[in-house]
Each structure stands twice: as structure tokens, then as C-alpha cells.
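Down below is the structure, laid out as C-alpha cells.
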Amino acid sequence: QQQVKQSPQSLIVQKGGISIINCAYENTAFDYFPWYQQFPGKGPALLIAIRPDVSEKKEGRFTISFNKSAKQFSLHIMDSQPGDSATYFCAASGSNYKLTFGKGTLLTVNP
Amino acid sequence: GAVVSQHPSWVICKSGTSVKIECRSLDFQATTMFWYRQFPKQSLMLMATSNEGSKATYEQGVEKDKFLINHASLTLSTLTVTSAHPEDSSFYICSAAGTSNYGYTFGSGTRLTVV
């Protein structure tokens, strides 16, 4: 059972455009929702994270939107740059601290 | 910020031998460490969770006798792949959580190739 569903699998955006990646979860016990960026051959790096008590969090060009009733959250990358080209993973965890990852989205930003 | 150092970054070993991967939290005490496995173009799959001083908890389907995890101190966890076979070739990644809520930091990963 996949507890965190992520879409799309791949995304191509022009430089300066907005990249949007969506995730949906099933387990209502999840209370921490991070997004990770991973470059080839490297470990994931935390981009931004949100808890369900807020509906939006912004850090620089990255914004998480969170819809608790719909059990969905999304990552928006504003002014996308070629250096943002990477694989992005959403994840969720609860009180056991275990992260459940989405399947990932390969983002390509064309110059 | 929190830093997790993982070594080696890549290793090639012969089939039947054992390989040890180290994961160290450099500037914080990691009460819990996690080990993941990632195949090419796939997501991270949790293998096991380890708490300092206690036995690791393995996810379903992960052979605990093959993937030995030791978390002897608050800053070091090791994963030993015993009697490695080509199908064990993968990217192994550790992460560490400190005492602050949900503070996960990932290591840079280890590419294991078994020939």
C-alpha cells in the first residue's frame, strides 16, 4: 500500500516558469510533511517542510501548500532555474519518526 | 546546520565478501538513525531503524542477518552487508534524527557494487 502518492513522475519547465509537484497521503496520523531534493549520486537534502497546523509555508522560491481536509500537499518552485533540475521527493511521517516517501518527480528546467 | 557524514561514498566488492558502511552525525547527537536503499530511478525504501544502544528494527522483507546494523553511540551507526551478492548492488543512504522533533538529516549515500 503506497501511503504517499506523488505526481507527476516527470516534469519539464522552462527557465523562469513555475514547477508544481503534488502529493496525496492516506494516513491521517501523519503530521510532518517534508520535501527533499536529490541530485544524481547524492543523498536527499531537505528543501522545506510543513506541519498540518498551517496551510502554506514559503522559503525563498519554494512554497508548500497544504490541504488537510483533502490530505494533499504540493511544492511550488517559482522562477525555476536549470540548477533546480533534480529529483524531488515528498514524504510524510508521524510519531514514529519514520518517513514514507513518494515515488519522486524528475524535474528538468530548460534554459 | 546538522551534518551527517557517510563513508565510503562508493565501494566495489567481490561476491561473498562483507562491506561496512559508516554513518556519523558530526554536530549533533542522533538518537535514531535510519538506513535506506535506493535503486536507480526509484524512491528510497526504508530498511531499518536503529536507536542508540538497542537492536535495530527491520522493515518487512529485509534480512536482518544479511544487513547488520550497529548503533553503538549517539554519533555513529554502521550497516554491514554480509556475504554480498550482485543483487545487493544499490545506493545505500543513512539519515539521522536528533532530539528536536522530526529533524532528519541525510548522508550523501554509498554506491555499492558487488561483482
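The values are calculated or read from the model by the stated rules, or taken from the named source; none is laboratory data. What you are looking at is a predicted structure, and each value in this text was computed from that prediction instead of being measured. When we count neighbours, we look across all protein chains shown, and the Cβ atoms used for this are built from the backbone with ideal geometry, even at glycine. Remember, those area values only see protein heavy atoms, side chains included, never the ligands or the DNA or RNA. Shrake-Rupley method; radii C 1.70, N 1.55, O 1.52, S 1.80 Å.
Quick notes
- By the Cβ rule of 4.7 Å, the protein assembly as shown holds the following cysteines without a possible disulfide partner: B:Cys13.
- Simple Cβ-charge dipole of the protein assembly as shown, Lys/Arg +1 and Asp/Glu -1, about Cα centre, in debye nearest 20: 240 debye
- Among B:107-115, A:24-32, the order from most to least packed when residues are scored by Cβ within 10 Å on average: B:107-115, A:24-32
- The H on the amide N of B:Leu76, modeled in the peptide plane, is under 5 Å from the matching H of B:Ser25, each at least 5 residues off or on a different chain.
- Among the listed pairs A:Lys15/A:Lys58; A:Lys15/A:Lys71; A:Lys68/A:Lys103, those beyond 23 Å (Cα-Cα): A:Lys15/A:Lys71
- Solvent exposure, largest accessible area first (probe 1.4 Å, DNA, RNA and ligands not counted), of A:Asp84, B:Asp27: B:Asp27, A:Asp84
- Within chain A, the proportion of Cα pairs with more than 24 Å between them is 18 percent.
- Using θ = phi - 60° and Karplus 6.51 cos²θ - 1.76 cosθ + 1.60, couplings along segment A:94-111 (whole Hz; Gly, Pro as x): x, 5, 7, 6, 6, 8, 10, 9, x, 7, x, 10, 8, 9, 10, 10, 7, x
- Student exercise, chain A dipole from Lys, Arg, Asp, Glu Cβ charges, in Debye to nearest 20: 120 debye
- Per residue, the convex hull volume that the Cα atoms of chain B enclose (Å³): 97 Å³
- The residues neighbouring B:Phe39, those whose beta-carbon lies less than 13 Å from its own, together hold a net charge of +2 under the Lys/Arg +1, Asp/Glu -1 convention.
- Normalised radius of gyration (Cα atoms, divided by 2.2 N^0.38 Å) for segment B:52-111: 1.22.
- Entries of B:Lys20/B:Lys55; A:Lys42/B:Lys20; B:Lys41/B:Lys66 with Cα pairs more than 21 Å apart: B:Lys41/B:Lys66
- Heavy-atom SASA rank of B:Ile12, A:Ile21 (probe 1.4 Å, accessible area, largest first): B:Ile12, A:Ile21
- Computed over the protein assembly as shown, Kirkwood Rh from alpha-carbon pairs, angstrom: 18.1 Å
- On the beta carbon distance between A:Ala70 and B:Lys14, with R0 = 41 Å, the FRET formula returns roughly 0.20.
- Solvent-accessible surface of segment B:52-115, averaged per residue with a 1.4 angstrom probe and all protein chains in place: 46 square angstrom.
- Spatial offset of segment A:1-32 relative to segment B:14-85 amounts to 27 Å, using the alpha carbon center of each.
- Using the Cβ of A:Tyr32 as centre and a radius below 15 Å, the other residues enclosed give a net charge of +3, where K and R count +1 and D and E count -1.
- Computed label-point distance, nm, for sites B:Asp65 and B:Ser89 using a 7 Å Cα→Cβ extension: 2.6 nm
- Here the alpha carbons of segment B:1-69 define both size measures, Rg and Dmax, at 13.3, 39 Å.
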